[in-house]
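Remarks on the structure that follows.
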Amino acid sequence: MRAQPQASHFIGGAYVEDRGGESFESRYPATGEVIAQLHAATPKVIDHALEAAQAAQAEWAARPPVERGRILQRAAALMRARNRDLSELETLDTGKPLQETLVADAASGADALEYFAGFAATVTGQTIPLGRDMAYTQRLPLGLCAGIGAWNYPIQIACWKAAPALAFGNAMVFKPSELTPLSALALAEILTEAGLPDGLFNVVQGMGEVGAALASDRRVAKVSLTGSVPTGRKVYAAAGAGLKAVTMELGGKSPLIIFEDADIENAVGAAMLANFYSSGQICSNGTRVFVHRAIKAAFLERLAARTSKIVLGDPLDEATQMGPLVSAAQMEKVLGYINAGKASGARLVYGGARVGVQGNFVQPTIFADVHDDMIIAREEIFGPVMAVLDFEDEGEVIARANATEYGLAAGVFTRDFARAHRVIGQLRAGTCWINAYNLTPVEMPFGGVKASGVGRENGHAALEHYTQLKSVYLGLGDVEAPY
Ligand code: NDP
């Protein structure tokens with residue numbers, strides 16, 4: 001199985017290779033087979049990409065926004081037309097089942113391109129009456145934006161960053177995760193085919209150092225990272241040293257609170273989606289499932305029964321519901337957390353082991369009787385491991401849900417809407433759901449508070465993060481100088 005791209009990087013509208021860069025491989029997580037070999041960007045390649053982006057940006061920013069939008073619309077249509085090829089590529093690179101990638105990855109990327117394509121031409125400023133005089137404001141692009149991606153939703157992350165950046169007149173240099181380097185190159189090809197001028201969307205490959213070089217380069221006006229909290233701290237510090245704008249989409253340990261009056265089947269379904277979709281490799285996952293004691297037994301029974309039916313296996317088979325983890329290292333990390341859960345006295349209700357000897361497969365795993373101080377209730381695992389905690393009282397569960405450094409997401413299941421809003425209102429999280437979980441339509445801003453992030457992606461909020469405001473004072477009379 002091969003998915004070798006023409007070359008490692010995409011710069012100035014064309015594939016670029018520099019064999020002087022450290023070589024690395026992309027492996028199919030279901031078998032460990034090497035599917036592509038690439039080279040990390042050398043300083044020369046990084047410089048080439050930044051130069052190309054800088055050279056292209058001014059002309060792009062000067063175009064009527066409706067024209068920029070038209071190109072992004074074409075890109076969205078091309079992505080939809082090629083959804084199956086893009087989904088197969090994403091499945092090979094990430095190991096996520098085709099059943100998911102067909103509906104959630106390139107499709108969500110196309111939504112972002114379409115949404116921001118339409119948004120571009122609606123951006124206006126304000127006029128501010130000042131008596132005799134007046135002022136007006138303009139929303140202007142930031143210039144050159146760097147995007148740095150994680151490996152769990154590679155093409156979606158690339159689109160969620162590139163679509164608003166390009167729609168509002170910026171250029172972008174994007175570095176995918178070294179584990180999933182392929183689909184950003186496919187996106188670059190599609191944008192070029194759709195008519196995006198050369199140099200506006202460039203892809204450079206490599207490890208953390210390449211991301212660090214982008215985050216500290218003086219030509220870069222803004223850095224948007226999707227990644228872990230430790231990386232976020234480093235990238236934020238590097239960007240801060242250059243007084244650059246940032247968007248930080250980081251990790252979480254989000255609470256999902258299920259009250260005694262909740263519809264149990266819906267709550268079980270949501271808890272499974274919130275822990276097992278993409279083999280649990282989702283930043284906003286509701287990995288601390290607080291279940292009211294009155295329904296704990298019924299909830300766990302249905303949860304175990306439905307989890308036992310999950311079809312785990314070949315990601316390219318459309319009947320498969322759960323694939324492997326992205327890498328052997330991630331699998332080892334997740335198995336380590338499972339062992340920590342067992343050792344801490346949590347009750348293993350389902351799963352808890354690796355599956356097979358080939359590929360990075362781990363069973364969907366459920367722990368019950370989990371306490372707040374256990375490692376599996378405190379740290380982001382990024383694998384299919386659900387921790388079920390009991391609670392009795394609304395005030396108690398709110399306090400416990402908030403007792404974390406993270407604040408990415410939260411969910412509540414109850415039929416009592418007054419309670420739903422009251423509880424959500426007190427949860428310190430950037431993205432919340434009531435009687436739903438992990439739905440992230442492009443129309444809705446997405447992001448975290450506390451250590452989970454800075455800024456928002458998607459929705460109208462993205463405008464704030466990919467533009468800057470200029471105020472212009474208009475003197476309409478004589479200058480009244482006191483001297
Ligand atoms: P990492 O933080 O390890 O890496 C993210 C990206 O940053 C990668 O491209 C990585 O390169 C790069 N990078 C690493 N070090 C530096 C540095 N010093 N300077 C600049 N760039 C650097 O995250 P993962 O890829 O392991 O992704 C998993 C994490 O992402 C989880 O914590 C998850 O919660 C979070 N995430 C957050 C989301 C959100 O929207 N809030 C969504 C999805 C994931 P490389 O790895 O190639 O070396």
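The values are calculated or read from the model by the stated rules, or taken from the named source; none is laboratory data. Just so it is clear, the model here is predicted, and its values are computed rather than measured. Neighbour counts are summed over all protein chains in view; Cβ atoms, including those assigned to glycine, are modelled from backbone coordinates with ideal geometry. Each accessible area value is taken on the protein alone, full model and side chains, heavy atoms only, with ligands, DNA and RNA left out. Shrake-Rupley method; radii C 1.70, N 1.55, O 1.52, S 1.80 Å.
What's the center-to-center distance, using Cα atoms, between the stretch 395-468 and the stretch 1-61 in Å?
When both Cα centres are located, 35 Å separates them.
Nearest 0.05, what FRET efficiency do R218 and D18 give at R0 = 22 Å with Cβ-Cβ as r?
The calculated FRET efficiency here is 0.50.
Taking the Cα centre as origin and putting +1 on Lys and Arg beta-carbons and -1 on Asp and Glu beta-carbons, what dipole magnitude results for the stretch 250-347, to the nearest 20 debye?
Its charge dipole is roughly 500 debye.
What is the angle, in °, between the Cα long axis of helix 182-193 and the longest principal axis of the Cα atoms in the chain? Nearest 10 is fine, range 0 to 90.
40
Going through the cross-link list K175/K234; K253/K333; K96/K450; K244/K470; K175/K222; K96/K234, which pairs have a Cα-Cα distance over 19 Å in this structure?
K96/K450; K96/K234
Among L98, T231, N438, which residue has its Cα positioned farthest towards the positive end of the charge dipole of the chain, with +1 placed on the Cβ of Lys and Arg, -1 on the Cβ of Asp and Glu, and the dipole taken about the Cα centre?
T231
Using only the alpha-carbon atoms, how far is helix 417-426 inclined from the longest principal axis of the chain? Give it as 0 to 90 degrees, nearest 10.
70
About its Cα centre, how strong a charge dipole does the stretch 110-199 have in debye, to the nearest 20, once Lys and Arg get +1 and Asp and Glu get -1 at the Cβ?
Taking the Cα centre of the stretch 110-199 as origin, the dipole is about 360 debye.
What percentage of the solvent-accessible surface of the chain, computed with a 1.4 Å probe over protein heavy atoms, is contributed by carbon and sulfur atoms?
The value for the chain is 54 percent carbon and sulfur by accessible area.
Would you please state which residues of the stretch 253-291 a label at D390 would reach in this model, taking the label point 7 Å out along Cα→Cβ and a backbone N cut-off of under 12 Å?
The answer is 291, whose backbone nitrogens lie closer than 12 Å to the label point.
E67 label point, 7 Å along Cα→Cβ, cut-off 19 Å on backbone N: hits in the stretch 113-128?
Answer for this model: 117-124.
Mind listing the long-range amide H neighbours of V246? Cut-off is under 5 Å, sequence gap 5 or more, other chains count too, H placed in the peptide plane at 1.01 Å from N.
Excluding prolines and chain starts, which carry no amide H, the hits are V223.
Could you point to the residue in L408, H421, V449 farthest towards the positive end of the stretch 389-483's charge dipole, with +1 and -1 charges on the Cβ of Lys/Arg and Asp/Glu respectively?
L408
Taking the Cα centre as origin and putting +1 on Lys and Arg beta-carbons and -1 on Asp and Glu beta-carbons, what dipole magnitude results for the chain, to the nearest 20 debye?
With Lys and Arg at +1 and Asp and Glu at -1, about 380 debye.
In the stretch 241-303, which chymotrypsin sites (Phe, Trp or Tyr not before Pro) are in a loop and have at most 10 other Cβ atoms within 10 Å, using DSSP for the loop call?
Sparse-neighbourhood loop chymotrypsin sites (Phe, Trp or Tyr not before Pro): none present.
For the stretch 1-86, run through the GluC sites (Glu not before Pro) and keep only the ones in DSSP coil with at most 15 other Cβ atoms within 10 Å of their Cβ.
Those satisfying the criteria are E17, E22, E33.
Determine, from the Cβ-Cβ distance of H421 and E265 and an R0 of 30 Å, the FRET efficiency 1/(1 + (r/R0)^6), rounded to the nearest 0.05.
Calculated transfer efficiency: 0.85.
Stretch R80-V357 to full length: gain in nm at 0.36 nm per residue minus the Cα-Cα span?
Length gained, R80 through V357: 96.1 nm.
Just to verify a number: FRET efficiency for L130 and A58, C-beta to C-beta distance, R0 = 30 Å, to 0.05?
0.45
What are the ³J(HN,Hα) couplings of the stretch 198-204, residue after residue, when phi is run through the Karplus curve with 6.51, -1.76, 1.60 and θ = phi - 60°? Round to Hz, x for glycine and proline.
4, x, 7, 10, 10, 10, 10
Compute from the Cα atoms of the chain the Rg and the Dmax, the latter being the longest Cα-Cα distance, and quote both in angstrom.
Considering the chain through its Cα atoms, Rg and Dmax are 23.5, 86 Å.
Hey, if you put +1 on the Cβ of every Lys and Arg and -1 on every Asp and Glu Cβ in the chain, which of A77, G313, N152 ends up farthest toward the positive end of that dipole?
The Cα lying farthest towards the positive end belongs to N152.
Once amide H atoms are built 1.01 Å from N in the peptide plane, which residues 5 or more positions from V16, or in another chain, come under 5 Å H to H?
Under 5 Å from the amide H of V16 lie the amide H atoms of S8, H9, F10, I11, each far enough along the sequence or on another chain.
In whole Å, what is the distance between the alpha-carbon centres of the stretch 177-233 and the stretch 280-328?
Distance between centres, Cα-based: 32 Å.
Each residue of the stretch 298-314 in turn: what ³J(HN,Hα) in whole Hz from Karplus with 6.51, -1.76, 1.60 and θ = phi - 60°, glycine and Pro shown as x?
5, 4, 5, 5, 5, 4, 5, 5, 6, 5, 5, 8, 4, 8, 10, x, 4
What is the extension gain from E480 to R378, computed as 0.36 nm multiplied by their sequence separation minus the C-alpha to C-alpha distance, in nm to one decimal?
Additional length available on full extension: 30.4 nm.
Would you mind working out the accessible area per residue for the chain, using a 1.4 Å probe, and quoting it in Å²?
The answer is 39 Å² per residue.
Over the chain, what is the mean sequence separation of C-alpha contacts under 8 Å (at least six apart), divided by residue count, expressed as relative contact order in percent?
18
At 0.890 mPa s and 25 °C, plugging the Kirkwood radius over alpha-carbon pairs of the stretch 293-345 into Stokes-Einstein gives what diffusion coefficient in µm²/s?
My calculation gives 180 µm²/s for D.
Under 5 Å between amide hydrogens, which residues at least 5 positions from R27 or on another chain qualify, with H placed 1.01 Å from N in the peptide plane?
I35
As an exercise, identify the trypsin sites (Lys or Arg not before Pro) in the stretch 2-68 lying in DSSP coil whose Cβ has no more than 13 other Cβ atoms within 10 Å.
Loop-located and lightly packed - R2, R19.
At 0.36 nm per residue, minus the direct Cα-Cα distance, what do A403 and H460 gain on full extension? Give it in nm, one decimal, please.
Between A403 and H460, full extension yields an extra 17.5 nm.
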